[in-house]
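The block underneath contains the structure these notes are about, expressed in structure tokens.
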């Protein structure tokens, strides 16, 4: 057994599934509560069940386990929380405007911010209350994600790159910068004006420069990421496909070095964005895992399941400061990019990972964030950094510690849950669906 990252060279296929808008506590906070948050003696920054937030009256609202047997459980929190930069400030600091340098976050504004937001959202559950933002899924509610987290590795200190919305965080995950943007609205405006959302190199261009293959797969539509960067816009058609194409590649041994998977963006899709059906996202994760595990390249594959941002869902761990600004871009809303975003669920899956691993870097290290994927690609395939942010990020190769691939299946017999009740947002166009439609309207994505 080794832990120095030397086994990374045995990985020929890195696959990333990036889902939507869930915090670590919301999805995995209770993962090891039955072991006192000390699985096999390892520290695990999970929930104790006593964490709380004040409501508008100053009374404590305590975190609680979502009862997944009740109708509507998989549509919790029942309304779309605030995810914009100023709303995240409100959740973390109790104010929409934060000084530079920022004080230490208290994470005590989730309930009051949610109360401000849900009267303005379409498709709310009629019974939603501000306290619902404190609901978190127990492991038995998420047998797929929790089963992989226990069966392989969970990262309990993985942060999104920016304390804000989807598009800036996805840009950091693939290009190491959002070019100063911290709002989806500004990203769409830039795409309309410049005919590209981010006029910068991405990891896909870096890989192409070294003749290393890559693919981006949408679910049932063209991948949204295709419109994000000049090098993806200009790439050959062979680099893009849909989920069935991914399954076929996994089955016939034709996976590229790097695969990036998107969920279905529709309101009835599987992205797990509130108020989308979390159970459908469980099925997607299971389908990805099964496709890889039953394929001929399984022993040489590392799967990363992560979420682009916390989406306003509760988390009790203050995000760290000390982030490296990626470049000299002037920050929208005065943000200087020296703070990370909120913790998000991240699970690492490979037969070279020991069961029950809690993977984190040393406390005095730069923390794991989305640009750690970029750093890992750079370490494995020798491509150059994109920005100062990913150059400073730690990689994840040290999670691989087994000299011989495992042949067991932690999800043997596991089936994905099925939601009960009706989704209150079933007829509401999702935020990301609107983004997608905007890119199609600008001819930045081919319509279907």
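Structure above, values below:
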{"quantity": "Meets criteria (touching a residue at least 60 places away in the same chain (Cβ under 8 Å), under 24 Å from residue 335 (Cβ atoms) and surrounded by 15 or more Cβ atoms within 10 Å (Cβ to Cβ)) for residue 83", "calculated": "yes"}
{"quantity": "In the range 253-266, the residues that are closer than 24 Å to residue 189 by Cα and surrounded by fewer than 18 Cβ atoms within 10 Å (Cβ to Cβ)", "calculated": "266"}
{"quantity": "Out of 222, 179, sole residue that is surrounded by fewer than 23 Cβ atoms within 10 Å (Cβ to Cβ), in contact with a helix residue (DSSP H, G or I) (Cβ under 9 Å, 6 or more places away or on another chain) and modelled with pLDDT under 95", "calculated": "222"}
{"quantity": "In the range 91-112, the residues that are closer than 13 Å to residue 56 by Cα and without any contact (Cβ under 8 Å) to a residue 24 or more places away in the chain", "calculated": "94"}
{"quantity": "Where a residue in the range 174-203 is at positive phi and its partner, wherever it lies, is assigned to a helix (DSSP H, G or I) and surrounded by fewer than 20 Cβ atoms within 10 Å (Cβ to Cβ), with Cβ under 6 Å and at least six apart", "calculated": "180/332"}
{"quantity": "Residue under evaluation residue 217, criteria (1) touching a helix residue (DSSP H, G or I) at 6+ places or on another chain (Cβ under 7 Å); (2) without any contact (Cβ under 8 Å) to a residue 60 or more places away in the chain; (3) closer than 16 Å to residue 440 by Cα, criterion not met", "calculated": "(3)"}
{"quantity": "Residue within the range 235-252 that is modelled with pLDDT of 95 or more, buried (at least 21 other Cβ atoms within 10 Å of the Cβ), over 19 Å from the mean Cα position of the chain (by Cα) and under 24 Å from residue 21 (Cα atoms) present", "calculated": "yes"}
{"quantity": "Test: residue in the range 371-394 that is closer than 21 Å to residue 142 by Cα, touching a residue at least 40 places away in the same chain (Cβ under 8 Å), in contact with a helix residue (DSSP H, G or I) (Cβ under 7 Å, 6 or more places away or on another chain) and surrounded by fewer than 23 Cβ atoms within 10 Å (Cβ to Cβ)", "calculated": "no"}
{"quantity": "First in the range 113-142 and on the phi > 0 side of the Ramachandran plot and part of a loop (DSSP other than H, G, I, E, B), second anywhere and at pLDDT below 80 and surrounded by 19 or more Cβ atoms within 10 Å (Cβ to Cβ), Cβ under 9 Å, 6 or more apart", "calculated": "123/267; 123/424; 123/425"}
{"quantity": "Hey, residue 355 assigned to a loop (DSSP other than H, G, I, E, B), within 20 Å of the chain's Cα centre (by Cα) and closer than 30 Å to residue 40 by Cβ or not", "calculated": "no"}
{"quantity": "Filter result for residue 100 (closer than 22 Å to residue 367 by Cα and buried (at least 19 other Cβ atoms within 10 Å of the Cβ))", "calculated": "no"}
{"quantity": "Long-range neighbours under 8 Å by Cβ, at least six apart or interchain, first residue outside any loop (DSSP other than H, G, I, E, B) within the range 243-260, second modelled with pLDDT under 95", "calculated": "243/220"}
{"quantity": "Residue in the range 436-448 that is modelled with pLDDT under 95, part of a loop (DSSP other than H, G, I, E, B), farther than 21 Å from residue 171 by Cα and touching a helix residue (DSSP H, G or I) at 6+ places or on another chain (Cβ under 7 Å) present", "calculated": "yes"}
{"quantity": "The listed residue being surrounded by fewer than 23 Cβ atoms within 10 Å (Cβ to Cβ), touching a helix residue (DSSP H, G or I) at 6+ places or on another chain (Cβ under 8 Å) and either more than 30 Å from residue 70 (Cβ to Cβ) or touching a residue at least 12 places away in the same chain (Cβ under 8 Å) (or both), out of 317, 278, 342, 305", "calculated": "317"}
{"quantity": "Test result for residue 401, under 22 Å from residue 171 (Cβ atoms) and in contact with a helix residue (DSSP H, G or I) (Cβ under 9 Å, 6 or more places away or on another chain)", "calculated": "no"}
{"quantity": "Single condition residue 296 does not satisfy, out of (1) more than 21 Å from residue 29 (Cβ to Cβ); (2) out of contact with any strand residue (DSSP E or B) (no Cβ under 9 Å at 6 or more places or on another chain); (3) not in a loop (DSSP other than H, G, I, E, B)", "calculated": "(3)"}
{"quantity": "Residue 432 being touching a residue at least 40 places away in the same chain (Cβ under 8 Å) and either farther than 30 Å from residue 124 by Cβ or surrounded by fewer than 21 Cβ atoms within 10 Å (Cβ to Cβ) (or both)", "calculated": "no"}
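So that you can scan it fast, the table gives a plain yes or no per residue for (1) modelled with pLDDT of 95 or more; (2) in a loop (DSSP other than H, G, I, E, B); (3) more than 24 Å from residue 274 (Cβ to Cβ):
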| residue | (1), (2), (3) |
| --- | --- |
| 329 | no, yes, yes |
| 333 | no, no, no |
| 348 | yes, no, yes |
| 362 | no, yes, yes |
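The values are calculated or read from the model by the stated rules, or taken from the named source; none is laboratory data. Because the structure is predicted, anything quoted here is derived from the model rather than measured. A quick note on method: Cβ atoms are made from the backbone with ideal geometry, for glycine too, and the neighbour counts reach across all protein chains shown.
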